[in-house]
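The values are calculated or read from the model by the stated rules, or taken from the named source; none is laboratory data. Not measured: the values here are computed from a predicted model. Glycine also receives a Cβ, built like all others from the backbone with ideal geometry; neighbour counts cover every protein chain displayed.
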Amino acid sequence: MGAFTFVPERNVRYTIRLEGHKDSSYDFPPVKDSGIVMQLVKNATDSLTLKLISSFSIPQPVMIRLQSRGIMLAGAAGLLKDSLILRLPIADVPQGLAEITLFDSQLQPLAERLVFLHPDRNMRIRVKTDKERYQSKEKVTLRITTTDPQGKPIPAVLSLRVRDVLMTDETNARDIVNYYQLSTQLRGRIHDPGYYFDSSNADRHEALDLLMLTQGWRRYVWNEEALKAISAHQRILPDSLKVNFIATRKAGKEYAPASIMLFNHDKRNMRPVVPGADGSFRLTPDYLFTGTRFFIKYFSEQEFKVKVEDPFNVIPSGSTLQCMPEELRPIVPGQAADTAFLQYGKRLQEVIITGKGRGFGDKYLGYLDSIAKYEGNFDYVGQCGILNCPACHSGSKPVEGRVYTEFKEEIKSKHATHPIPFTANDVRRVTYQYPKYTEEELMTKFKMIITKGYFQGREYYEPDYDREDKQLPDARNVIAWKPVIVTDKQGQATVSFYTSDIKGRFAGIVEGVDGYGLMGQLNLYFPCR
């Protein structure tokens, strides 16, 4: 990327051509007779300096707006004659991509460009290893320190992953900073997004500004609702979810259940709730900690339809957040193997895992299914061995999958005591099956719904070679994944894990965010032999 400036002449057509490339001519837009140019002169830590140049002979009032994610951060106004210098204060605005828009007196946009504010305002992360090199199956201890840009210790929530460097693509590596600040904010694929935040690159600020200039104009939609939302600084995603109870029958005076219970699959964290007069309540963050997937049960003689608000419905359907890897390289049989993976031996192309029987995604649903099988089910096997014998009247519960003899209906209606005379044509052989319920049917039957709460951190398997046998082979290429590491008030945390039998260079990344949204990341490398 690069940039140059020139003053075009009127009624002249300009073309740019790439040397060494045939048919690589690109036409410039037509030259206009008049207009206004907006230039970013300086991007400092406390202010942005902008220069406006006008070809109009009549002075006109203009206004500059700086906004980020739909929220106005700063503004300035002035009277533009030939040229005008404006400064926008940015000392207290957050880090990240922002839009600078120039308006005329009628608030019509005249020019725009993107700018990245405070590219170096990141949380500082330092990691100290207890050794420079490690042997196979040796314990690794990392001491992590988090500070603000001025070096003051701050608590933060971090994650750590460590894997063989052969399994990484460093030129397209994503971390929390470049993914949140660039990849999700700009259109198209960004080559090596980490380059713009690597302090070892002296030209990273200039390169980042050039990247902003390649993005062009945004689409403006002026309407009253959008302006009201911006002026009120409304949140797109709320902190709580609304739950509505809608009566399935109009008859009756009960507009909402008398009481509600929230609980997870093992019936721990049970939380009673009393709905409001309108038959609704909100799942606050405290309730969302009940579980990743938990139950809402209401107690009422009347049936209700329960609807939980989906916060992601408010995000425009046209949003194109790139959350998946750009490229997945399948292994094709017959092709030469990548030499980078030879130390791992043969790799499986596909593994299919299947299970027997009928299961549910939640073990509590299996418990409800067992209850539903017997609730209201009056089938029995009489002492004579006949299924639902009209003369026995009662007996043991039938066994699912077992074959039983059963009288046909015309015999059942004629006899109520033993003995019952019958022929082979009066009976049939049946394989007994209990009724099967879907997840939705079970929820309706027991007056419950399933909803999603906060995702709970999962534990990644790691061996403990202080206790386990070191003679067993260990071919892990990912030797550590710790999704939640919390540093204390002094910004300190210690983590440990064990290396595998893989010999070579391992790469790790520590990344996270503090309580005020300040993000940071650090790459570390250490050899194993």
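Brief remarks follow.
- Selection status of K137, more than 30 Å from K42 (Cβ to Cβ) and touching a residue at least 60 places away in the same chain (Cβ under 8 Å): yes
- Pair list, Cβ under 9 Å, 6 or more apart: the range 486-505 residue closer than 11 Å to T141 by Cα and hydrophobic (A, V, I, L, M, F, W, C), other residue modelled with pLDDT of 95 or more and not in a strand (DSSP E or B): A493/T487
Conditions tested, residue by residue: (1) modelled with pLDDT under 90; (2) in contact with a His (Cβ under 8 Å, 6 or more places away or on another chain); (3) in a strand (DSSP E or B).
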| position | (1), (2), (3) |
| --- | --- |
| A74 | no, no, yes |
| A77 | no, no, yes |
| L84 | no, no, yes |
| A91 | no, no, no |
| L97 | no, no, yes |
| I100 | no, no, yes |
| L107 | yes, no, no |
| E112 | no, no, yes |
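- Residue in the range 343-360 that is at pLDDT 85 or above and of a type in the set (F, W, Y) present: no
- Exclusive hit being more than 16 Å from M212 (Cβ to Cβ), in contact (Cβ under 8 Å) with a residue 40 or more places away in the chain and surrounded by 13 or more Cβ atoms within 10 Å (Cβ to Cβ), set I36, I53, I90, I85: I36
- Residues in the range 41-59 that are under 17 Å from L88 (Cα atoms) and hydroxyl-bearing (S, T, Y): 3 in all.
- Complete set of residues in the range 483-499 that are within 24 Å of the chain's Cα centre (by Cα) and surrounded by fewer than 20 Cβ atoms within 10 Å (Cβ to Cβ): P483, V484, I485, V486
- Positions within the range 56-65 being among the aliphatic types (A, V, I, L, M) and without any contact (Cβ under 8 Å) to a residue 40 or more places away in the chain, in sequence order: I58, I64
- Options E440, E400; residue that is over 30 Å from L241 (Cβ atoms) and surrounded by fewer than 17 Cβ atoms within 10 Å (Cβ to Cβ): E400
- Odd one out for Y26, checked against (1) under 41 Å from the mean Cα position of the chain (by Cα); (2) surrounded by 13 or more Cβ atoms within 10 Å (Cβ to Cβ); (3) aromatic (F, W, Y): (2)
Yes/no per residue for (1) loosely packed, with under 11 Cβ neighbours inside 10 Å; (2) on the phi < 0 side of the Ramachandran plot; (3) not hydroxyl-bearing (S, T, Y):
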{"residue": "G2", "(1), (2), (3)": "yes, yes, yes"}
{"residue": "T49", "(1), (2), (3)": "no, yes, no"}
{"residue": "G70", "(1), (2), (3)": "no, no, yes"}
{"residue": "A74", "(1), (2), (3)": "no, yes, yes"}
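- Residue satisfying condition, being assigned to a loop (DSSP other than H, G, I, E, B), under 42 Å from the mean Cα position of the chain (by Cα) and closer than 30 Å to H191 by Cα, within set T45, T49: T45
For (1) in contact with a Gly (Cβ under 6 Å, 6 or more places away or on another chain); (2) more than 30 Å from A247 (Cα to Cα); (3) among the aliphatic types (A, V, I, L, M); (4) in contact (Cβ under 8 Å) with a residue 24 or more places away in the chain, each residue gets a yes or a no:
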residue	(1), (2), (3), (4)
K408	no, yes, no, no
I420	no, yes, yes, yes
R429	no, yes, no, yes
Y434	no, yes, no, yes
Y454	no, no, no, yes
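- Any hit, the range 106-114, residues being buried (at least 16 other Cβ atoms within 10 Å of the Cβ), without any contact (Cβ under 8 Å) to a residue 40 or more places away in the chain and closer than 16 Å to L40 by Cβ: no
- In the range 143-184, the residues that are of a type in the set (S, T, N, Q), in contact with a Ser or Thr (Cβ under 9 Å, 6 or more places away or on another chain) and either surrounded by fewer than 21 Cβ atoms within 10 Å (Cβ to Cβ) or in a helix (DSSP H, G or I) (or both): T145
Residues checked against (1) of a type in the set (F, W, Y); (2) at pLDDT 90 or above; (3) touching a Pro at 6+ places or on another chain (Cβ under 6 Å):
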position: K397; (1), (2), (3): no, no, no
position: Y404; (1), (2), (3): yes, yes, no
position: T423; (1), (2), (3): no, no, no
position: D426; (1), (2), (3): no, no, no
position: T438; (1), (2), (3): no, no, no
position: I449; (1), (2), (3): no, yes, no
position: F455; (1), (2), (3): yes, no, no
position: E459; (1), (2), (3): no, no, no
position: D464; (1), (2), (3): no, yes, no
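- V162 being among the aliphatic types (A, V, I, L, M) and within 18 Å of V478 (Cβ to Cβ): yes
- Residue list for the range 1-54, filter: among the β-branched types (V, I, T) and under 23 Å from D203 (Cβ atoms): T5, I16, V41, T45, T49
- Failed condition for K363, given (1) over 30 Å from R189 (Cβ atoms); (2) loosely packed, with under 10 Cβ neighbours inside 10 Å; (3) modelled with pLDDT under 85; (4) within 30 Å of the chain's Cα centre (by Cα): (2)
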